[in-house]
Amino acid sequence: MKAKDSVPHEVLVVDDSFETVELIKRNLESVGYQVYTANNVQSAIKLLETINIDLLITDLKMPGENGLALVRHVSENFKWVAILVITGFPSIQGAVESIKIGAEEYLVKSFTDEELFRAVQSALNKTNRKKKAGQNLSLQNFGIIGASDGMMGVFNTIAKARSTNATVLIQGESGTGKELVARALHYGGSDSATPFVPVNCGGIPDALLESELFGYVKGAFTGASETRAGFFQTADKGTIFLDEISNTSLAMQAKLLRVLQEKEFYMVGSKKSQKVNLRVVAATNVDLMQLVKKGLFREDLYYRLNIISIDLPPLRERGNDIIQLVEFFLAKYIQELDKSVMRFSPKAINALKEYAWPGNVRELQNLVHRLVILADDTTIDIPDLPEAFRFSASQSKGLDRKLEEVIQEYIGDVLAANQNNISQAAKVLGIDRKTLREKIKKA
């Protein structure tokens, strides 16, 4: 029995028995698995948060929290981690409970090497079949690239929500692909022939947003020389995508709430309500609940929008998805620009994987586009990447500088990486916008 042909599966073994842990570790490493170990639940959880584990092997009876608690934690927080339970105190109740809450396999000590290998392979196969089904669904129907655990969760939610008319709230940092998800919800459903109308609420002044969304009648205001339909009428029977919903005023939020509750609205300057039948998909790059707590977003509207929630992971948490995305964008721009076949060197790929990507997928796409245009060779290597991706041993960054100087330089780097977006830079730095502005003034 062998592990994966190219990249070994990563396995976490959890047991308070040193002998059991070492036996399993030795056996699995002999056939190509990468094995990590822990002797209690808390240590195991810390490892799970830092390493991309494919398979958890855990004992049930351990001091402190038992293995069932760990099985439940993993099944609810790490959906694509396969789980194999082992125990020296077999019981039907224990087996049933562990399988019920997420384990793929159950193995009783003392097991043979062959029984261990079979159980490991069976657990991995079951999870891999689920993952491949989700990946195939995503690639064939959604046009969104990725196979990481976080994206598998996104694809599964899209698959379940796309054929309903339920309101969806998409949350994620700027550049993570929220509009792609909204389009997947619309075009992947049974009403794909109906209109899909995207609206950037942050790009329309609040004074104009009402007339843009709901339309206006002739004479409603100076310059209203004719009656004009708004985005909601245009999207009737289809989907309206309200991007940057957090930028709307409380007054506008009240009007949006009415549309969601009553399926009707008033055009600006009209006393006659207009009926509408559509799906509302909203998106935000900030935590709406925090805005609710601050009184900046209506709580009732939040719950109306959040019937189905999709949380898009940032690119820095998507592991090898970066490689898939690089290959996709590279092929796209080679074809568009009629360039020779190119590739990224292994060192360049590692540099991309280690970068924080504050601009997420959008930043990666723009980078690949620029590199294809400027490349002088068929191989893109470390020196071809921007300075932020390259190692620097400059003496100007030595240990003789004052702390305030280092802080100001770091703030400048974060601002540059976020295209001088104060809100995004403040989020990266872990401070509020007012504090960041004060620090910028001191620079």
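Of the listed pairs Lys332/Lys353; Lys293/Lys434; Lys126/Lys353; Lys25/Lys347, which have alpha-carbon separations greater than 22 Å here?
Details: Lys332/Lys353 20 Å; Lys293/Lys434 18 Å; Lys126/Lys353 29 Å; Lys25/Lys347 30 Å.
From the list (Lys332/Lys353; Lys293/Lys434; Lys126/Lys353; Lys25/Lys347), the Cα-Cα distance tops 22 Å for Lys126/Lys353; Lys25/Lys347.
Run the numbers for Phe221 and Thr50: contour at 0.36 nm per residue of separation, minus the present Cα-Cα distance, in nm.
55.8 nm
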(request) Please say if the range 182-234 is rounded, prolate or oblate, where rounded means a/c under 1.5 for a ≥ b ≥ c the square roots of the C-alpha gyration tensor eigenvalues, and otherwise the choice is prolate for a/b larger than b/c and oblate otherwise? (result) oblate
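Test of the criteria: in the range 252-295, which trypsin sites (Lys or Arg not before Pro) are in a DSSP loop and have at most 14 other Cβ atoms within 10 angstrom of their Cβ?
Working: sites: Lys255, Arg258, Lys263, Lys271, Lys272, Lys275, Arg279, Lys293, Lys294; in loops: Lys263, Lys271, Lys272, Lys294.
Answer in residue order: Lys263, Lys271, Lys272, Lys294.
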(message) Per residue, how large is the accessible surface of the range 280-434? Use a 1.4 angstrom probe and give square angstrom.
(response) 60 Å²
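So which chymotrypsin sites (Phe, Trp or Tyr not before Pro) in the range 186-255 are both in a DSSP loop and have at most 13 other Cβ atoms within 10 Å of their Cβ?
Details: sites: Tyr187, Phe196, Phe214, Tyr216, Phe221, Phe231, Phe232, Phe241; in loops: Phe221.
Those that pass, being in a loop and sparsely packed, are Phe221.
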(request) Compute the acute angle (0 to 90°) between the alpha-carbon long axis of helix 113-137 and the principal axis of greatest extent of the alpha-carbon atoms of the chain; round to the nearest 10°. (result) 10 degrees
(message) Loop by DSSP (not H, G, I, E, B), at most 10 other beta-carbon atoms within 10 Å: where is the longest site-free stretch of the chain for GluC sites (Glu not before Pro)?
(response) 227-443
(request) With just the Cα atoms of the chain, tell me how far they stretch along each of the three principal axes, in Å, largest first. (result) 84, 62, 48
(message) Test of understanding: in a Gaussian network model of the chain with alpha carbons linked when under 10 Å, which of Ser246, Ser110, Ser122 would top the mean-square fluctuation ranking?
(response) Ser110
(request) Note down the net charge around Tyr216, summing +1 for each Lys or Arg and -1 for each Asp or Glu among other residues with Cβ under 10 Å from its Cβ. (result) -1
(request) Calculate how large, on average over all directions, the projected area of the Cα convex hull of the range 291-439 is; give the answer in nm² to one decimal. (result) 12.5 nm²
(request) Between Asn366 and Asn156, with labels modelled 7 Å along Cα→Cβ, what's the label distance in nm to one decimal, could you check? (result) 3.4 nm
(message) What percent of all Cα-Cα pairs in the range 333-373 falls into each 5 Å bin, going from 0 up to the bin containing the maximum distance?
(response) 5, 20, 27, 25, 15, 6, 0
(request) Quick one: work out the % antiparallel among DSSP beta bridges in the chain, nearest 5. (result) 10 percent
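Between Phe391 and Ile99, what FRET efficiency comes out of the Förster formula 1/(1 + (r/R0)^6) with R0 = 56 Å and r the beta carbon distance, rounded to 0.05? Present the calculation step by step, with values, prior to reporting the outcome.
Working: r = 49 Å, r/R0 = 0.87.
Rounded to the nearest 0.05, the efficiency is 0.70.
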(request) Hey, can you find the accessible area per residue of the range 5-52 for me, probe 1.4 Å, expressed in square angstrom? (result) 54 Å²
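Using every Cα-Cα pair within the range 202-318, state what percent have a distance larger than 20 Å. Let's see the in-between values first.
Numbers: 3066 of 6786 pairs.
Value for the range 202-318: 45 percent of Cα pairs lie more than 20 Å apart.
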(request) Note the angle between two axes, namely the Cα long axis of helix 321-336 and the longest principal axis of the Cα atoms of the chain, as a number of degrees from 0 to 90, rounded to the nearest 10. (result) 50 degrees
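The values are calculated or read from the model by the stated rules, or taken from the named source; none is laboratory data. As the structure is a computational prediction, the values presented were derived from the model and not from experiment. Reconstructed Cβ throughout: ideal geometry from the backbone, glycine too, with neighbour counts over all protein chains shown. What goes into the accessible areas is simple: the full protein's heavy atoms, side chains included, and nothing from ligands, DNA or RNA. Shrake-Rupley method; radii C 1.70, N 1.55, O 1.52, S 1.80 Å.
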